[in-house]
Amino acid sequence: MIGKKKRYVQIIIMALLIIGALFAGFPVLWMILSSFKPNAEIFAWPPTWISANFSLHAYMEIFKNPEQIRFFINSYCISMIVVLFTLVISILASYSFSRFDFPGKSVINTIIISVQAVPPITLLIPYLSLMVTLKLFNTYGALILTYMLFTLPYAILMTTGYFNTLPKDLDEAVMIDGGSRFKALWSILVPIAVPGLVSVGMYTFMQAWNEYLFALTLTKTNDMRTVPIGINLLMGQHAYEWNQMMAMSVLGSLPILLLFLFFQRYFIAGMTAGSVKS
Amino acid sequence: MLNNNIKPAAPQKWRIWKRNITPYVYLSPTIILLVILLVIPIIMVIRYSFYDNVIINKNPVFVGIRNYMEVVTDKDFITAIKNTLVFVGISVIAHLLIGMLFAMLLNTRYLGARSKAFFRVIYILPWMFTASVIAILWKMMLNPNGIINYLLDVFHITSQHIEWLSSRKFALAAVTLINIWSGYPFYMISILAGLQGISTDLYEASALDGAGAVQTYLKITIPQLKPILISLIMLDFVWTIQQFALIWMTTGGGPIKATETLSTYIYKQGFSSYQYSLASTSAVIVLVICTIIAVFYVRHQKARD
């Protein structure tokens, strides 16, 4: 009896798993399939799954267009610089949080946690006039600077967490030997924390790569646009070349997908940092 | 600041001062950025909300709360609030239910490690895509001649070619569906981490007491997950209230005002009508709402530490 009941439960779970996988995965599969179709077949009724006219044409069009390539270059540059700055600044801040007690620590910590709740749209109008005043409007600088506000809190919270797990004896040993605090941080703590920092870096990269609102409003000319804006620009420009938009979407998602597949564990650590406490 | 009652020798005093100042030196880049990117902009936006015609006019006039009166009596603002409530409410509930269901599926004993890893990758997929990819993909699928209508036809649900995103009747539901799809993985992963953190002793004790699966779930699993669930719901509230990209790129707030939410409303006020003062006023209202949620969130997080 019990064995039979278990079997039913197993079948129900399998069925639910497959339905769930269709819900989550089908749109992604559809995007990939559509990127290999000629545009005329996108809304064929009944739909074609794998087109008889399967082609890489849409991808070639993207690669041939210097404007599209530029979107990718911009996104890579901005995201990498944001990752670099975020890591350096958050390592310094986390060292302070992890190794010192000082007046104001709790206040600063609270401010950092609550940045997660500040709606970007609230900051949009002041940022616009701020960037114009700083002469950063329509430059990488505008995007790099504004992204830092949203990448830093996560990075600091996560890095502080990692540093807290490392014993204080490690850096104190360096200082007893006559080394400076700064040296203790960079030559001892940072190398040990590399796995944690990788996950911080990837989460930061993903945030920067995917940002839309500021990229839309703080840049103006196409040579400063990033991939998320570029994908959307295809919509107006080429009178709905759906296959190209899908190809661009696949290409634009590829860096994140690859990072995720190779470093899944780190990504998940990043996602859960905000809500789960170990 | 410390040990001031003892009078140390000069070099020692210097050392104590240095020791006291060190943590602030390490924090200084963060503090400078927080001041430039957070404190100053918030002061600016609050100031703007009390002035007339900011940014465009070089010498704006102080108007007190006139902008606030104008915004809260604007019927488009009321529509935006209503739509935002529907959008946020349904999204948060659906995220929670789907995230919970998928997390539990991934946590069952009936599944081997390999299939677990496989399904986990599939289930996380929507989280990997940027809003513009999600918007365009769903725009294609929800096209009157798109795959969704085809599937509805094949399964004999409806054979009409529904214009999901351009009908006043369906647009808000369609946009909410897209947001549900794109947001549940965050819940799933967090809940999964929470489930794996529950000690097996608790379940064993519950099994010894003869509790059934449902009882164990209600008495052990839910109470153990409660702190995580509360954090998730609060974060999601704040994130969904400010969801802009998905709505902007799928419907732009339309048709007419059917999917106008607070974020598209603010954006249009600012960047289509150049009413920067009114946009700032609405932005401050959203900030206040989010701050109230954030206060609870921070308190909750601190209580957990």
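The figures follow:
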read-out: Within a Gaussian network of chain B (alpha carbon springs, distance under 10 Å), most fluctuating of B:Val25, B:Val121, B:Val63; value: B:Val25
read-out: Estimated Rh, region B:1-144: Kirkwood, alpha-carbon pairs, angstrom; value: 22.8
read-out: Zero-based 5 Å bins, Cα pair distances in chain A, whole percents; value: 1, 5, 10, 12, 13, 13, 12, 10, 8, 7, 5, 3, 2, 1, 0, 0
read-out: Relative intensity, log₁₀ I(q)/I(0), of region B:179-255 from a Debye sum that treats every alpha carbon as a point, q = 0.25 Å⁻¹; value: -1.14
read-out: Other-chain or far-sequence residues with amide H under 5 Å of B:Tyr51's (modelled H); value: B:Val63
read-out: About the Cα centre, charge dipole magnitude for chain B (Lys/Arg +1, Asp/Glu -1 at Cβ), debye; value: 1100
read-out: B:Met69 - accessible surface, heavy atoms, 1.4 Å probe, Å² rounded to 10; value: 100
read-out: Segments B:289-297, A:169-177 sorted - mean Cβ within 10 Å per residue, highest first; value: B:289-297, A:169-177
read-out: Helix-derived mean residue ellipticity, 222 nm - over the protein assembly as shown, DSSP H n ≥ 4, -39500 (n - 2.57), to 500; value: -23000 deg cm²/dmol
read-out: Relative contact order (percent, whole number), chain B, Cα cutoff 8 Å, 6+ residue spacing; value: 27
read-out: Dimensionless Rg ratio for region B:21-82, taking C-alpha atoms and the 2.2 N^0.38 Å reference; value: 1.67
read-out: Space enclosed by the convex hull of the alpha-carbon atoms of region A:1-140, per residue, Å³; value: 295
read-out: Taking region B:41-99 and dividing mean pair separation by its residue count, relative contact order in percent (alpha carbons under 8 Å, at least six apart); value: 19
read-out: Carbon and sulfur %, accessible surface of the protein assembly as shown computed with the full protein complex present, 1.4 Å; value: 68
read-out: Interchain or long-range residues, amide H under 5 Å from A:Phe36's placed H; value: none
read-out: Averaged over B:228-240, number of beta-carbon atoms from partner chains that fall within 10 Å; value: 2
read-out: 10 Å binning of all Cα-Cα separations within region A:155-258, expressed as whole percents from 0 upward; value: 12, 29, 21, 16, 14, 6, 1
read-out: For chain A: relative contact order, % (alpha-carbon pairs under 8 angstrom, 6 or more apart); value: 29
read-out: Chain B: most fluctuating residue of B:Trp17, B:Trp164, B:Trp181 per GNM, C-alpha cutoff 10 Å; value: B:Trp17
read-out: Within region A:70-104: backbone nitrogen closer than 19 Å to the A:Ala173 label point (7 Å, Cα to C-beta); value: A:99
read-out: Space enclosed by the convex hull of the alpha-carbon atoms of chain B, per residue, Å³; value: 243
read-out: Residue with peak Gaussian network fluctuation, chain A [Cα springs, cutoff 10 Å], from A:Pro46, A:Pro27, A:Pro120; value: A:Pro46
read-out: Accessible area, probe 1.4 Å, largest first, for residues A:His57, B:His156, B:His300; value: B:His156, A:His57, B:His300
read-out: Magnitude of the charge dipole, chain A, Cβ model with Lys/Arg +1 and Asp/Glu -1, debye to 20; value: 720
read-out: Check: the protein assembly as shown dipole with +1 on Lys, Arg Cβ and -1 on Asp, Glu Cβ, in debye; value: 1060
read-out: Lys/Arg +1, Asp/Glu -1 at C-beta; region A:149-258 dipole; positive extreme among A:Leu233, A:Phe150, A:Leu189; value: A:Leu233
read-out: Selected from B:Pro60, B:Ser206, B:Ile180, residue furthest toward positive end of dipole (chain B; charges at beta carbon); value: B:Pro60
read-out: Residue-averaged beta-carbon neighbours from other chains (10 angstrom radius) around A:13-20; value: 5
read-out: Viscosity 0.890 mPa s, temperature 25 °C, Stokes-Einstein D of region A:74-185 from Kirkwood C-alpha radius, µm²/s; value: 153
read-out: Nitroxide proxy distance, nm - points 7 Å out along Cα→Cβ at A:Phe100 and A:Asp223; value: 4.4
read-out: Inverse mean reciprocal Cα-Cα distance (Kirkwood Rh) of the protein assembly as shown, Å; value: 26.1
read-out: Accessible surface buried upon A-B contact (total; probe 1.4 Å; Å², nearest 100); value: 8800
read-out: Spacing of the two label points (7 Å from each Cα toward its C-beta) at B:Ile56 and B:Tyr110, in nm; value: 6.2
read-out: Local electrostatic count at B:Ile285 - Lys and Arg +1, Asp and Glu -1, tallied over other residues with Cβ under 14 Å; value: -3
read-out: Calculated FRET efficiency for the pair A:Trp186/A:Asn53, C-beta based, R₀ 45 Å, to 0.05; value: 0.20
read-out: Note, ³J(HN,Hα) from phi for region B:201-212, Karplus 6.51, -1.76, 1.60, rounded to Hz, x at Gly and Pro; value: 3, 4, 5, 5, 4, 5, 5, 4, 6, x, 6, x
read-out: Kirkwood Rh, angstrom, region A:1-64 [1 / mean 1/r, Cα pairs]; value: 14.6
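The values are calculated or read from the model by the stated rules, or taken from the named source; none is laboratory data. Worth saying up front: this structure is predicted, and the values here are computed from it rather than measured. Cβ sites come from the backbone with ideal geometry, for glycine too, and all protein chains shown count toward neighbours. Only protein heavy atoms, including side chains, enter the accessible area calculation; ligands, DNA and RNA are left aside. Shrake-Rupley method; radii C 1.70, N 1.55, O 1.52, S 1.80 Å.
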